[in-house]
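Student: Can you read through this structure? Questions will come right after.
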Amino acid sequence: MRSLKTFPDISVTTAFDSDRGRLEAFCRYWRVPAADSLDDLLDSRAKVDLVLNLTNPRSHFSVSHRCLEAGRPVYSEKPLATEMPEAFELYSFAKKKGLMIASAPCSVLGKTAQTAWLALRNGKIGKPLLVYAELDDGFVPQAPYRKWVSESGALWPFRDEFEVGCTLEHAGYYLTWLIAMFGSVRTVVACSAEIVSDKLSDPAKCAPDYSSATLIFESGVVARLTCSIIAPHDHRLRIFGDRGVLEVNDCWDNDAAVRVRYRHAIRRRLISSPVARRISLPGPTHPMVGRRGAASMNFALGPAELLAAIKEGRPSRLSADFALHLNEVTLAVQNAGSFTGAQTMTTNCPAIDPMPWAVAPVR
């Protein structure tokens, strides 16, 4: 809601939650009209340009499908669906209905990702060859997460987080960047495991709390992506090129610094420069949102992009093909276990356009 308020031309017309107490608290705090039911929210007489599906992960498919049935475009929280058959069904149904559907995350549209991508296109590190992407969030099972409360009073959904898993919840933050930069993923070689088994009273319901994947892109770039809620907090991205290294310290910050570090041959040694050069865009970008909790991201960049695409009659940068491919790669990593081996992806997505403010040469 704080993010949506940074776009004056976007208004939230109504909200619905199956939890009546949460619906009342949310609508009272944010001063949003409450719908009596999902059908009431989707009433064809109401002017609704887009539905944000921010429900629990295992409700994403059913709620998104119901919205499409009612003729409403959908922007869904991640994942698009927890099973690939459901994701394919949403993709096919949206195409049949002529409606847009997309899924979070949308930080790929943010300043940090767009700056890094433009630096690559400008050849700042030469030819990109290898990527190390980290999404470790600290030892969350020991954190006081039962005290984590949203601005309107919602408790952090720890059961969802542990049952759905950190890979489905977080891998997309870097996967979206990498797919935009390097194209579709051809092969996934991954391992996932549940390392802490007593996070919930019913341990059989918990998803892996660690995964590591080697991703081979159709462009030839190779990436290693790690997700965990065990290892110390580390959200770094390093892209290694044949001329230097591009570095970002945190993908959860739309204004994080993008730096390039070059190599130098000195006598008989090859060293990396102790000083990294910061890369900047030449002009204004998008509305920023201050840090609250773990992130400093404008979560409305995705909905704003879909609404703009609908209004302008153009494809969205966050297309259904993009969401489907992201979903397949993420599930391949999440469900890899110990013995899956190399998995060939069955989906791909077309190249996406950079944001219009991220096309001039970087400084």
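Student: Could you list, ordered by first residue, the pairs with Cβ atoms under 7 Å in which the first is in segment 157-171 and small (Gly, Ala, Ser) and the second is in a helix (DSSP H, G or I), at least 6 apart or interchain?
Tutor: Once the first residue is small (Gly, Ala, Ser) and sits in segment 157-171, its partners that are in a helix (DSSP H, G or I) give Gly165/Gln334; Ala171/Thr330; Ala171/Val333.
Student: Give the residue, chosen from Arg292, Arg314, Arg278, that is touching a residue at least 40 places away in the same chain (Cβ under 8 Å) and among the basic types (Lys, Arg).
Tutor: Arg292
Student: Any chance you could count how many residues in segment 284-335 are aliphatic (A, V, I, L, M), assigned to a loop (DSSP other than H, G, I, E, B) and under 13 Å from the mean Cα position of the chain (by Cα)?
Tutor: 3
Student: Restricting to segment 322-363, name every residue that is closer than 21 Å to Ser92 by Cα and free of Cβ contacts under 8 Å to residues at least 40 places away in the same chain.
Tutor: Within segment 322-363, Thr346, Pro350 qualify.
Student: Please enumerate the residues belonging to segment 1-21 that are surrounded by 12 or more Cβ atoms within 10 Å (Cβ to Cβ) and either farther than 23 Å from Pro105 by Cβ or hydrophobic (A, V, I, L, M, F, W, C) (or both).
Tutor: Hits for segment 1-21 are Met1, Leu4, Phe7, Ile10, Val12, Thr13, Thr14, Ala15, Phe16, Ser18.
Student: Which of the residues spanning segment 91-118 are of a type in the set (A, V, I, L, M) and touching a residue at least 60 places away in the same chain (Cβ under 8 Å)?
Tutor: Those that are of a type in the set (A, V, I, L, M) and touching a residue at least 60 places away in the same chain (Cβ under 8 Å): Ala94, Met100, Ile101, Ala102, Ala104, Val108, Leu109, Ala113, Ala116, Leu118.
Student: For a quick check of your reading of the model, give me the residue pairs whose first member lies in segment 30-43 and is within 12 Å of Arg66 (Cα to Cα), whose second is in a helix (DSSP H, G or I) and at pLDDT 95 or above, with beta-carbon atoms closer than 8 Å and at least 6 apart or on different chains.
Tutor: Correct list of pairs: Leu38/Val63; Leu38/Arg66; Leu42/Arg66; Leu42/Cys67.
Student: Inside segment 179-271, counting only strands (runs of 3 or more DSSP E) that do not spill past its ends, which hold 2 or more residues that are closer than 21 Å to Thr82 by Cβ and in contact (Cβ under 8 Å) with a residue 40 or more places away in the chain?
Tutor: The strands (runs of 3 or more DSSP E) meeting that bar are 185-193, 210-217, 222-228.
The values are calculated or read from the model by the stated rules, or taken from the named source; none is laboratory data. Only a predicted model underlies this, so the values are computations on that prediction, with no experimental measurement involved. Using ideal geometry, Cβ is built from the backbone for each residue, glycine included, and neighbour counts are taken over all protein chains shown.
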